[in-house]
Amino acid sequence: MAGGYADPCKIYGSIYLERDARRRGYCSATVFLEEQEAFASLVVYQETSKLFADKAGLWYITDARDFADYTVFVTDNRSLADFNIFYTKSRSFAGCKER
């Protein structure tokens, strides 16, 4: 882990999703996209405005890497991930899982 932000509850706001493995070292965390909510550490709701992405699980996905609060590397290999995420369609379900 490069940036030291492996705690999924600390990553929110504007997020740039990096998919280039050569840039993984510049990312705040590495995530794996789960197909089922039960296996995810963080349930993510994609906000349409950066202003509303103000707590865990609320992400505003941006195309501008340089202006993102966090850059997150998305991997296809579960064993390389710092944590797993699941996308939800309901804002009320977003957030960290109990540990």
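Tell me, which residue of region 15-36 that is buried (at least 17 other Cβ atoms within 10 Å of the Cβ) and of a type in the set (Ser, Thr, Tyr) is nearest to THR48 (Cα to Cα)?
Among residues in region 15-36 that are buried (at least 17 other Cβ atoms within 10 Å of the Cβ) and of a type in the set (Ser, Thr, Tyr), the one nearest to THR48 (Cα to Cα) is TYR16.
Looking only at residues in region 46-76 that are of a type in the set (S, T, N, Q) and in contact (Cβ under 8 Å) with a residue 40 or more places away in the chain, which one is surrounded by the fewest Cβ atoms within 10 Å (Cβ to Cβ)?
Filtering region 46-76 for residues that are of a type in the set (S, T, N, Q) and in contact (Cβ under 8 Å) with a residue 40 or more places away in the chain, the one surrounded by the fewest Cβ atoms within 10 Å (Cβ to Cβ) comes out as GLN46.
Looking at this structure, is VAL43 part of a strand (DSSP E or B), surrounded by fewer than 18 Cβ atoms within 10 Å (Cβ to Cβ) and touching an Asp or Glu at 6+ places or on another chain (Cβ under 8 Å)?
Values: part of a strand (DSSP E or B): yes; surrounded by fewer than 18 Cβ atoms within 10 Å (Cβ to Cβ): no; touching an Asp or Glu at 6+ places or on another chain (Cβ under 8 Å): yes.
Criteria not met by VAL43.
Pull up region 61-79, narrow it to residues that are hydroxyl-bearing (Ser, Thr, Tyr) and more than 10 Å from the chain's Cα centre (by Cα), then point me to the one that is modelled with the lowest pLDDT.
Looking only at region 61-79, we keep the residues that are hydroxyl-bearing (Ser, Thr, Tyr), and these are 62, 70-71, 75, 79.
Now restrict to residues that are more than 10 Å from the chain's Cα centre (by Cα): 62, 75, 79.
Numbers: THR62: 97, THR75: 97, SER79: 94.
Step by step, filter region 61-79, then rank; the result is SER79.
Could you list, in sequence order, the residues of region 36-74 that are of a type in the set (D, E, K, R) and closer than 11 Å to ILE85 by Cβ? Spell out how you get there, then give the answer.
To start, the set of residues in region 36-74 that are of a type in the set (D, E, K, R) comprises 37, 47, 50, 54-55, 63, 65-66, 69.
Once the filter is applied, which keeps residues that are of a type in the set (D, E, K, R) and closer than 11 Å to ILE85 by Cβ, region 36-74 yields only GLU37.
For ASN84, which of the numbered conditions (1) more than 9 Å from the chain's Cα centre (by Cα); (2) of a type in the set (S, T, N, Q); (3) in a strand (DSSP E or B) fails to hold?
Among (1) more than 9 Å from the chain's Cα centre (by Cα); (2) of a type in the set (S, T, N, Q); (3) in a strand (DSSP E or B), the lone unmet condition for ASN84 is (1).
Does region 62-81 hold any residues that are assigned to a loop (DSSP other than H, G, I, E, B) and touching a helix residue (DSSP H, G or I) at 6+ places or on another chain (Cβ under 8 Å), and which are they?
Taking region 62-81 as the starting set, the residues that turn out to be assigned to a loop (DSSP other than H, G, I, E, B) are 62-64, 68-69, 76-77, 81.
Once the filter is applied, which keeps residues that are assigned to a loop (DSSP other than H, G, I, E, B) and touching a helix residue (DSSP H, G or I) at 6+ places or on another chain (Cβ under 8 Å), region 62-81 yields only THR62.
The values are calculated or read from the model by the stated rules, or taken from the named source; none is laboratory data. No experiment lies behind these values; they were computed from the predicted model shown. Neighbour counts run over all protein chains shown; Cβ positions are idealised from the backbone, glycine included.
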